[in-house]
1. With respect to the numbered conditions (1) buried (at least 20 other Cβ atoms within 10 Å of the Cβ); (2) under 17 Å from Trp129 (Cβ atoms), which one is the sole condition not fulfilled by Ala65?
2. Are any residues in segment 136-172 more than 21 Å from Leu21 (Cα to Cα) and either touching an Asp or Glu at 6+ places or on another chain (Cβ under 7 Å) or of a type in the set (Lys, Arg) (or both), and if so, which ones?
3. When you go through Asn25, Asn29 one by one, which is the residue that is buried (at least 17 other Cβ atoms within 10 Å of the Cβ) and of a type in the set (S, T, N, Q)?
4. Please count how many residues of segment 103-125 are more than 14 Å from the chain's Cα centre (by Cα) and either outside any helix (DSSP H, G or I) or farther than 16 Å from Pro171 by Cβ (or both).
5. Test each condition in (1) exposed (fewer than 12 other Cβ atoms within 10 Å of the Cβ); (2) touching a residue at least 40 places away in the same chain (Cβ under 8 Å) for Phe18 and report the one that comes out false.
6. Val102: under 18 Å from Ala65 (Cα atoms) and in contact with a Leu (Cβ under 8 Å, 6 or more places away or on another chain), yes or no?
7. Can you pull out every residue in segment 153-171 that is in contact (Cβ under 8 Å) with a residue 12 or more places away in the chain and not β-branched (Val, Ile, Thr)?
8. Pick from segment 126-147 the residues that are in contact (Cβ under 8 Å) with a residue 24 or more places away in the chain and assigned to a loop (DSSP other than H, G, I, E, B): which of them is surrounded by the most Cβ atoms within 10 Å (Cβ to Cβ)?
Amino acid sequence: MLGVILLYVGMVLMSNGFYRLEKINDKSNVVMNIFTGGLGLILNLIAIGYGAVTGADASWFYASATGLLFAFTYLYTAINTIWDLDQRLYGWFSLFVAINSVPAGLLCFYGYGGNRLYGIIWWLWGILWLTAFIEINLKKNLGNFVPYLAIFEGIVTAWIPGFLMLVDKWPK
């Protein structure tokens, strides 16, 4: 399941980065955010239901709960864009997720929730989420750093790992 979601997370991160770099003024970035957020929401809710029925252990629910952080990120972004809502609460949500990325990454180094590569990936994602809080709530314009970071992370932390997972070449 993770490989499927990561493939689309890679695309949405790149799409959002290009959207900002190219200064696109319409709401076309909403489409990929809805697709990716919706996919993540559906797959993680199915996984939670399956875990509840089968009596899965805490690690099963941990994976789905952290997966929902992504789904809600993309759906939150899409909804805020569609209705031109105040972004400040999204900024606080992003800070919450960035803070969660610290122990999530650390846990991976101890074999919980993935391997060491996942730990590094979590921390890279945390940096990206933190940029949303810095720009929105602290009102610090980070310029082109954020879209380039989104594109880089889309490729390196999501698209490539997701693709490798789908062809069973990602390190266990």
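No value in this document is a laboratory result; all are computed from the given coordinates. Because the structure is a prediction, the values reported are computed rather than measured. Positions of Cβ are backbone-derived with ideal geometry, glycine not excepted, and every protein chain shown enters the neighbour counts.
1. Tallying (1) buried (at least 20 other Cβ atoms within 10 Å of the Cβ); (2) under 17 Å from Trp129 (Cβ atoms), Ala65 fails exactly one: (1).
2. Lys169, Lys172 - these are the residues of segment 136-172 that are more than 21 Å from Leu21 (Cα to Cα) and either touching an Asp or Glu at 6+ places or on another chain (Cβ under 7 Å) or of a type in the set (Lys, Arg) (or both).
3. Asn29
4. 9
5. (1)
6. No; evaluated as a whole, the condition is false for this residue.
7. Result: Glu153, Gly154, Ala158, Trp159, Pro161, Gly162, Phe163, Leu164, Met165, Leu166, Trp170, Pro171.
8. So the residue we want is Asn137.
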